[in-house]
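All of the numbers you see were taken from the coordinates with simple rules; none came from a lab. Predicted model only: the values in this text are computed from it and were never measured. Note that each Cβ is placed from the backbone with ideal geometry, even for glycine, and that neighbours are counted across all protein chains shown.
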Amino acid sequence: MTQQTLETRIAHLLRDYTPQVLGAVTRRHGDFAAAEDAVQEALIAASTQWPVAGIPDNPRGWLYQVALRKLTDYLRSEVARRAREEVVASDAARDPFVAPPDSEIGIEQDDTLLLLFMCCHPSLSGASAVALTLRAVGGLTTAEIANAFLVPEATMAQRISRAKQTIRNSKVPFEMPTHAERTERLGSVLHVLYLIFNEGYASSAGDSLYRVDLSEEAIRLTREVHRLVPDHAEATGLLALLLLTDARRVARTGDSGELIPLDEQNRELWNTSMIEEGVALITAAMNQSSVGPYQLQAAIAAVHDEAARAEQTDWRQILSLYTVLDRLSDNPMVKLNRAIAVGMVEGPGSALSLLDELSRDSRLKEHYRMDSVRGHFYEMSGDRDRALTYYRIAAERTTSIPERNYLTAKAARVAFEGLEKTKRL
Amino acid sequence: MKYMIMMNTPAGTGPSDYQINNWSPESFKAHMDFMHRLNKNLRDAGEWVQAEGLSAPSEGKLVRAGTDGAPITDGPFAESKEFLAGFWIVDVESAERAYQFAAEVSAAPGPNGAPLNMPVEVRQVMSLPTPEL
């Protein structure tokens, strides 16, 4: 095995075992925050020692044992610090180093789900929940997470430790929530996974050479959730949505990182196996029970993905899906996307009057996407002057560099074509 | 969301660009303690990305490329009433939080502890595109 494949294998092992080991250590000691720190230290120890010494025979037991030791050390120093007295602690972890067999660790199938419920607690901000989830459930090191979000490691460490403090203060027990709570908490879990995916999807357009692939990680964790709650239609919907979106990732940017919109993408670059899997999942989910926002978004992504050419897109179906989605949620982006679908079905005139109506919504009024969509439909209707104006406003308002470049190029094209036309006259 | 918070200080009078160099030791210390606390809070909140103070504008140069591409330096800069003294890059949950931090910076204590109310510019750092979901 080459060094690189060894390191990849180690990374995969660590990510798979992290939630299992953390669940077992937390169950044994009750203190999630301390257990999480200990497991993180064990992860770091493994990622430095294993590439040199080789993967131990029982890697999970090794991690568990090292984490327990770190935790014992921590608890000892903590007790010493607090009471300054002689401590009679269990010497179990001081015994000669023997990784315990799995049967002694107490691996529970539901631990991953429990940890997700804990890390995606509604009392945490999105950014905190994302960071904690990636570390405690995803098995990433603080350095890797910091690197993925382009912030210093100390900042990420602080964010994680504050998140754990919040959990500690809110006294969330490490146990399965009641059935009623479960649905609500699953909603938070799915939302956090969605945020992780978005972060990865956005950053994939940039210099991602040294960044952990957060989209892949989000898909991996969502798969895990889907495996644990296979009958939860929204969890299935989210997995389908992520697959159907990620399938287009390669086609979405050009050689120099420029943004390529859906209708101009080379569809042969789309990942067909991901599309097939996503379509199968969403079809099953939607036949199964009541629809939710993730399922609807996945269904929309599926309609796009199933069109071999942009002109073959079934906009009528997309429009009806957005109409249902709009009724379910009060999301300004959904309203805007629905307006696009209206324009594609009924023509630019209908879209533009709908956009006028939507611009009364303060959330959309000054949003660059509003301007960019207006630009698009004015261009479609042949009104180059207005198209140009709106593309330029949109380019000014976006906070994303590739999007700004895309809109600036679009404005330049409209201006140039207008000029050519005048010359010919 | 990342923001750049740019602190502009009024230019000093006399030999020093930085007003602060003419303050009393007590006022200077109060100001430095304040900035230290501000940075610590930012770190503790997990929002700190980077922060730097800049040397005096009289030490700065204006650079342009000559015809052969070699740097032609000019400067020091023309005198101005205010200049960039330092900046922070913060990673926060909302624009409001960035404004709040900027307001704290603005109110840093000046001579005799009176708030300086410095102009602080807040600009969002451009990011990568969001998904087209």
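Some notes on this structure:
- Computed lengthening from A:Ser125 to A:Ala11, 0.36 nm per intervening residue step minus Cα-Cα distance: 38.3 nm
- Unit charges at the beta carbon, dipole of the protein assembly as shown: most positive-side option, A:Thr236, B:Ala107, A:Leu259: B:Ala107
- With a cut-off of 14 Å between beta carbons, the residues surrounding A:Glu7 carry a summed charge of +1, where Lys and Arg count +1 and Asp and Glu -1.
- Restricted to Cα atoms, the range A:366-425 shows a radius of gyration and a Dmax of 11.4, 39 angstrom.
- Charge tally around A:Ala38: other residues with Cβ under 14 Å, Lys/Arg +1 each, Asp/Glu -1 each, net +1.
- Choice from A:Gln265, A:Gln65, A:Gln158 with maximal GNM fluctuation in chain A (Cα, 10 Å cutoff): A:Gln158
- The range A:244-288 and the range B:45-113 have their alpha-carbon centroids 43 Å apart.
- Taking label positions 7 Å along the Cα-Cβ direction at both B:Leu84 and A:Arg327, the computed distance is 5.3 nm, reported to one decimal.
- Of the two radii for the protein assembly as shown, the radius of gyration is 1.02 times the Kirkwood radius, both from the alpha carbons; that is the Rg over Rh value.
- Cα convex hull volume per residue for the range A:170-317 (Å³): 132
- Averaged over the residues of B:40-51, the number of partner chain Cβ atoms lying within 10 Å of the residue Cβ comes to 4.
- Highest to lowest packing among A:323-334, A:403-414, scored as the average C-beta count within 10 Å: A:403-414, A:323-334
- Share of Cα-Cα pairs in chain B lying beyond 21 Å, as whole percent: 51
- Only aspartates and glutamates eight or more places from A:Lys70 in sequence, or on another chain, were considered; those with a Cα closer than 18 Å are A:Asp31, A:Glu36, A:Asp37, A:Glu41, A:Glu78, A:Asp91, A:Asp95.
- Cβ-derived FRET efficiency at R0 41 Å, A:Asp110 paired with B:Ala65, nearest 0.05: 0.05
- Each label was represented as a point 7 Å from its Cα along the Cα-to-Cβ direction; for A:Lys423 and A:Val79 these points are 8.5 nm apart.
- Projected label distance in nm at A:Glu306 and B:Ser55, using a 7 Å step from Cα toward the beta-carbon: 6.6
- Taken about its Cα centre, the range B:26-113 carries a charge dipole of roughly 120 debye when the Cβ of each Lys and Arg holds +1 and the Cβ of each Asp and Glu holds -1.
- Pairs exceeding 29 Å between alpha-carbon atoms, taken from B:Lys2/B:Lys40; A:Lys365/B:Lys2; A:Lys164/B:Lys29; A:Lys335/A:Lys421; A:Lys171/A:Lys335; A:Lys171/B:Lys40: A:Lys164/B:Lys29; A:Lys335/A:Lys421; A:Lys171/A:Lys335.
- Modelled FRET efficiency - R0 35 Å, B:Thr73 with B:Arg123, Cβ distances, 0.05 increments: 0.85
- Multiplying the residue separation of A:Ala415 and A:Gln317 by 0.36 nm and removing their Cα-Cα distance gives an extension gain of 31.9 nm.
- Per the Kirkwood formula applied to alpha carbons, the range B:1-56 shows a radius of gyration over Rh ratio, Rg over Rh, of 1.03.
- Note that the range A:232-301 carries a Kirkwood radius of 12.4 Å, evaluated over its alpha carbons pair by pair.
- Taking the range B:94-110 and a reference point 7 angstrom along Cα→Cβ of B:Ser16, the backbone N atoms nearer than 17 Å belong to B:109-110.
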